[in-house]
1. As I understand it, the dipole of region A:14-65 uses +1 on the Cβ of Lys and Arg and -1 on the Cβ of Asp and Glu, about the Cα centre. Which of A:Met60, A:Cys25, A:Cys38 lies farthest toward its positive end?
2. Just subtract the alpha-carbon distance of A:Asp380 and A:Lys340 from 0.36 nm times their residue separation and send over the number in nm, one decimal.
3. Separation between the B:Gln84 and B:Thr393 pseudo-spin-labels, each 7 Å from Cα along Cα→Cβ, expressed in nm?
4. About the Cα centre of region A:268-390, how large is the charge dipole given +1 on each Lys and Arg Cβ and -1 on each Asp and Glu Cβ? Please answer in debye to the nearest 20.
5. Using a 7 Å offset from the Cα along the Cα-to-Cβ direction at both B:Arg16 and B:Thr259, what is the distance between the two label points in nm, to one decimal?
6. Please compute the net charge surrounding B:Phe330, taking Lys and Arg as +1 and Asp and Glu as -1 over other residues with Cβ under 12 Å from its Cβ.
7. May I ask you to list the GluC sites (Glu not before Pro) in region A:344-401 that are in a DSSP loop and have at most 12 other Cβ atoms within 10 Å of their Cβ?
8. Expressed in nm to one decimal, what extension gain is obtained for the pair B:Thr405 and B:Glu302 from 0.36 nm per residue of sequence separation less their Cα-Cα distance?
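What follows draws every value from the coordinates through simple rules; no lab data is involved. These numbers come from a predicted model, not from an experiment. Backbone-built Cβ (ideal geometry, glycine too); neighbour counts: all protein chains shown.
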Amino acid sequence: MTYETVIGLEVHAQLLTKTKIFCGCSTRFGQEPNSNTCPICLGMPGTLPVLNKKVVEYAMRMAHATHCRINRTSTWARKNYFYPDLPKGYQITQFDHPLAEAGYVDIETGGVKKRIGITRIHMEEDAGKSIHDDLSGSSYVDLNRAAVPLIEIVSEPDMRAPEEAAQYLRRLHEILVYLEICDGNMEEGSFRCDANISLRPEGQEAFGIRSELKNMNSFNNVQHALEYEILRQRAILERGDQVVQETRLWDASQGLTHSMRGKEEAHDYRYFPEPDLVPIVISDAWEEEIRAALPELPMEKRARFINKYGIPPYDAGVLTASRALADYYEEVVRLCERPKIASNWVMGDLLAYLNEAKLEIGESPVLPAALAQLIGIIGDGTISGKIAKEVFEGMWQSGKQPKEIVEEKGLVQITDTGELEKIVEGVLDAHQKQLEQYRAGKDQLFGFFVGQTMKATGGKANPEIVNELLKKKLSMS
Amino acid sequence: MELNRLTIHELQERLRDGTITSVEITESVYRRIASVEDRVHAYITLTQEAATEQARAADRRIQEGAGGALTGIPIALKDVLSTQGVRTTCGSRTLENFIPPYDATVVKKLKDAGAVFVGKTNMDEFAMGSSTETSRFGITKNPWDLERIPGGSSGGSAAAVAADECIASLGTDTGGSIRQPAALCGVVGLKPTYGRVSRFGLVAFASSLDQIGPITKDVEDCAIMMNAICGHDPQDSTSVPTEVPDYRTCLSRDIEGWTIGIPKEYFVEGVDPEIRASIDTAIKTLEGLGARCLDISLPHTEYCIATYYIIAPSEASSNLARYDGVRYGFRAPDGENLLDMYKKTRSSGFGAEVKRRIMIGTYSLSSGYYDAYYKKASQVRALIRDDFDRAFTKCDVILTPATPTPAFRIGEKMDDPLQMYLYDIFTLSANLAGVPGISVPCGYTKGGLPLGVQFMAGHFQEEKLLQIASAYEKNSDKEKRTPDL
């Protein structure tokens, strides 16, 4: 029997607000344990939460960017469970009236476009961190992360393959980072994903029994865990057994999932309305203010780059991977007015150098103006494309302008036809044997003569003129 | 002259004209405590040293011509209000040694006003109880009859005022915990509108019902205390940003032409005949002042107790989850693992009544029961609130007995939680509806136990309560007695 896979994802994204969701403590990562805490986020008796308005604004940005309906009134709820890193014994979250509902994200896998529904986006507080020391047998609690703001983005069970899930995640990640509301760091846990996955016989409408996967901290892990889970569940179904509804942990080192807790051990979170906070009321004006301030999103930018600059979709995809890279590219194009060549340089040499040096685009020693100048002097024939590579290396290392380097090193292209004609004649004289072979019909030797001419000029000869001259000389018998 | 017997406004006059000092008042209060506290047991913690310092500072302030209505006045705080540097136990083993690093907003406001803090008063554990018998720190006695309960949960605060062991106090009221002990101890107690006073620093029992309010010797003192504690607080999202009037200005106004609603559901079988008689007399007095009585109905009254005992324990079960022994407070020493530590800590940290309510609340919120209990109770609560809103379109205030009987004997209801719960029958509707209520003394039983009448008004209409209470207080022919200790 063939089975269809059904996947839904729950993504938790930490918001980049300066302070926590219900108190004034810093959200900065990597501080001394328990230093970013106060009586409120420690859950001390008598303290009360006060909502950080920025959290709502950031969540509204994401809601807009994913085409969700923002509810005029949404409410807070308490999710009750005991754990040492949960100071109040409950998490303040949103339950039956979330901030936003019914949105979508478009993805494309293998050239096929697909729309993935978003059920809801809600705000909540993060828990602290428990650190278990196996050697001493002790556990430690760090509450710096307690009450750091999160949004949870819940998808519809619309994905049918692990690649779709990975693609959907990449899109969400990209949007969050574009909106500058999440740093997207998966290793530090700023962007986390749980997956619900089930299999059903092809053609069956009812969903199969699902398992929930946790502990996947990279896009690849998500895809691998889902691939593994498909194999595991299919094997169970093909044996004629039933999949057990449970939560499973992905073990990246072993490449498999194992059971964490079954349905019977599932928590009863006893959700109820949070009495310490008033409902969140969003006015038309506030919503409009957020909408108006929204930056251009990756998909829109991609489409605009293709239309406006006439570059291939692949180029547009690479160049819009981050807002900073797209801005860099657009600045280069504005100054040199050669979109495709600019794209080649940014995607090619520039990204290669950046990757090699492990630098972000914002840290590039070559600024857009310098790259634009380089493209300009290639275009006007001052230097050849080949020499330009050498010039770029000089720019990268020295931070100097391309014209400066060209002048210092004397790299100006030789375009004087008379001068080049003498050099070409010299090359032909020096290679009589090859000349005879060429004339005997060995056409491929044309490239040899070009190469020899370039070599003789230290690469500075204008290749077009060289071609022309060689054609003229070789056709003379 | 025994300064501790005087009211805030009487003392304030003398402080201002320089005939007495705050240090003298404070000394007289502690002398009184030294002589009666072993019999009354109103306090869990006394802070005499700090109080003396505060009194000296108040005297300097008064000498400089500064200071306000509460400067230099010794006030007692219910031990559920957080006090920076002073342990705040909530009457529980769980917080036996808990010293908050912050002040409750009301404490801060009183501090800024120059008040002197006498100590922290006894209470039912986490304010769960109607008699102050569930405290971890012993039972408070009713100063009028030491074999009887002072009421609860703010029994210590009411007894301390009645026994002149302070000039005024703060209590908290989740289902009647200010008004009921005030009635049983013969003093004035006001529960403000939900949202009128900041709850920041009030250790939560049931967050949607809890309010802080004053317990005082007379209505004028009550107004003075209200002026000091009311107002919006950015640290409490449920505190309402409406303007706070000067509550003293309404005290001298008459109630000519007022309509007093008499809800028939509050005058039923089971109300003590002596209370019934004293309420009837009070009604006559008020009619004599030009008010008109109107029979009204609060039709959902019969569901109040059931509704309350779903909502309050549900919220409590969640509010008390933080006492897990991990970060602060009591931790059982012999936990074998995390779960065992939780169980042992909470089993021995909480008393029987608190555990009972945590269990009721946990059950009510559980999946499969939520709709039948918590959700249903929330719906009924809305109906109860509607009852009040409708009633206040027809009348200025509602008058009811504060309690069904005078103070009962210690131990009488401890084995019967349901009887104990029923004792709050006249007060907890105000909490469910969020409206303010005041309990004012209205005479004594033949045996000499004080009785109280309750007035309730619409949201943020505390002025009406103080106005009618003041008019009644001035014109009641009941003689003013003091307990014989």
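1. Toward the positive end, the furthest listed residue is A:Met60.
2. Here the answer is 12.8 nm.
3. Placing both labels 7 Å beyond Cα along the Cβ direction yields 4.8 nm.
4. Roughly 760 debye for region A:268-390.
5. So the label points at B:Arg16 and B:Thr259 sit 3.9 nm apart.
6. Value of the local net charge: +4.
7. Within region A:344-401, the qualifying GluC sites (Glu not before Pro) (loop, at most 12 other Cβ atoms within 10 Å) are A:Glu360.
8. 35.3 nm
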